[in-house]
Amino acid sequence: MSDVSVETGTYEAKMGDYFALLKPRVMSLVIFTALVGMLVAPVPVHPFVGFVAILCIAVGAGASGALNMWWDADIDAKMKRTVGRPIPSGRVQPGEALGIGLALSGFSVVLLALATNFFAAGLLAFTIFFYAVIYSMWLKRSTPQNIVIGGAAGAFPPMVGWAVATGGASIESVLMFALIFMWTPPHFWSLALFVKTDYGDAGVPMLNVTHGTRSTRNHILVYTFLLAPVAIGLGFTSIGGPIYLATAVVMNAWFLKGAYKVWKRDDADAEADKFKAERAVFKTSLYYLFAHFVALLVEGILRTTGAGGVA
Amino acid sequence: MTIKVEHELHERRKGRNVGLGLILVAFIGIVFGLTVVKVTQLGEAQQFERFDHVARPQIIPAEDGGSN
């Protein structure tokens, strides 16, 4: 007789399996943009408080990832890309993911409120709610515009970082939000054009499946056009400056050129050169976002050291 | 039945238990660190002492009837 009634021989979830629920790769982007949002704000934050704030934002993002994996376990099991995730592979039970997601959501929001302010904590709570409920539970399976509205969840972190420092929102933080919000659709749709996904089998409406690749190419061009004034406009606020403006002009011209090239082509052209232009514009989109936020950071450092800034 | 201190379960869950232990230690460090930062940011220590809800004549200025 065993003195503990636990099944033996079954897989025991490791710490790494629980960590995988938090979507660490997505978390790295969240940490980077939230950190920039916090550092470019005009109010200095104590380094330790700043560290705890970024940790809370990262844990909050991870918590929403766990809730997403709990809700989407059925479709994750149907797609090659996601079938190895902790729940569909049987390493973590759905209830565990739900428990971890809810607990970490509460933990991150409460600790952020205690460490910084209620506005930042409220915004983090809304971000988690938006990703888990509005995107995962509602939009993802019901509209091909899921990426557009769902992208807002990924756009909130710099706003939360800004709120940590200032206790509020302003044109600068709203434009940082808008930059990521408008960037997400062309970034994701360019990927969707060359990666063979099985979203269709899983019942998730993706634009290139529901409306075809012609419509997707049109959407990429329109969103890249709409993105440019947002990105360049940010350069004329208090957190912008000559370095940011130069970066924004160059990167937007590069992104637009790529989007135009993708728009001009059709599937036959794309297949002939193995989606060269589509792959290139996706790669550009990665550099695009990184370059904008690094430029904002550089402007922030120059302002702090009293070495630059025109606005 | 003898009491077994070590169960096979302990070995299987060792990684998780150590991980959870480290997370708890980190949490204590965070709360301690935040406390130190918040208290030191209060500036004058007397401001902090006023929060103890006990009459402290030594921190009330003399002109208000205190001993300070």
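Bear in mind that the values in this text are calculations on the coordinates, not laboratory data. These numbers come from a predicted model, not from an experiment. Neighbour counts run over all protein chains shown; Cβ positions are idealised from the backbone, glycine included.
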Which listed residue (A:Gly60, A:Thr127, A:Ile147) has the Cα farthest towards the positive end of the charge dipole for the protein assembly as shown, taking +1 on Lys and Arg C-beta and -1 on Asp and Glu C-beta about the Cα centre?
A:Ile147
If you place +1 on the Cβ of every Lys and Arg and -1 on the Cβ of every Asp and Glu, how big does the dipole about the Cα centre of the range A:13-167 come out, in debye to the nearest 20?
420
Kindly point out which whole DSSP H helices in chain A project their C-alpha atoms 20 angstrom or further along the helix axis while averaging a Kyte-Doolittle hydropathy of -0.5 or above.
A:24-39, A:47-71, A:94-115, A:146-166, A:171-194, A:212-233, A:242-264, A:276-304
State to the nearest 20 debye the size of the charge dipole of chain A about its Cα centre, where the only charges are +1 on K and R beta carbons and -1 on D and E beta carbons.
820
Sort A:Lys78, A:Lys140 so the one with the fewest other Cβ atoms within 10 Å of its own Cβ comes first.
A:Lys78, A:Lys140
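Which entries in the list A:Lys140/A:Lys196; A:Lys78/A:Lys276; A:Lys78/A:Lys196; A:Lys196/A:Lys283 go over 23 Å, if you measure between the two C-alpha atoms of each? Show your work: numbers first, answer last.
Details: A:Lys140/A:Lys196 18 Å; A:Lys78/A:Lys276 28 Å; A:Lys78/A:Lys196 14 Å; A:Lys196/A:Lys283 17 Å.
From A:Lys140/A:Lys196; A:Lys78/A:Lys276; A:Lys78/A:Lys196; A:Lys196/A:Lys283, over 23 Å: A:Lys78/A:Lys276.
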Just rank B:Arg16, A:Arg25, A:Arg279, fewest to most, by other beta-carbon atoms within 10 angstrom.
A:Arg25, B:Arg16, A:Arg279
Order these peptides, A:14-21, A:200-207, by their mean beta-carbon neighbour count within 10 angstrom, highest first.
A:14-21, A:200-207
Relative contact order in percent for chain A (Cα pairs under 8 Å, 6+ apart) equals 19
Rg(Cα) / (2.2 N^0.38 Å) computed for the range A:170-311, rounded to two decimals:
1.17
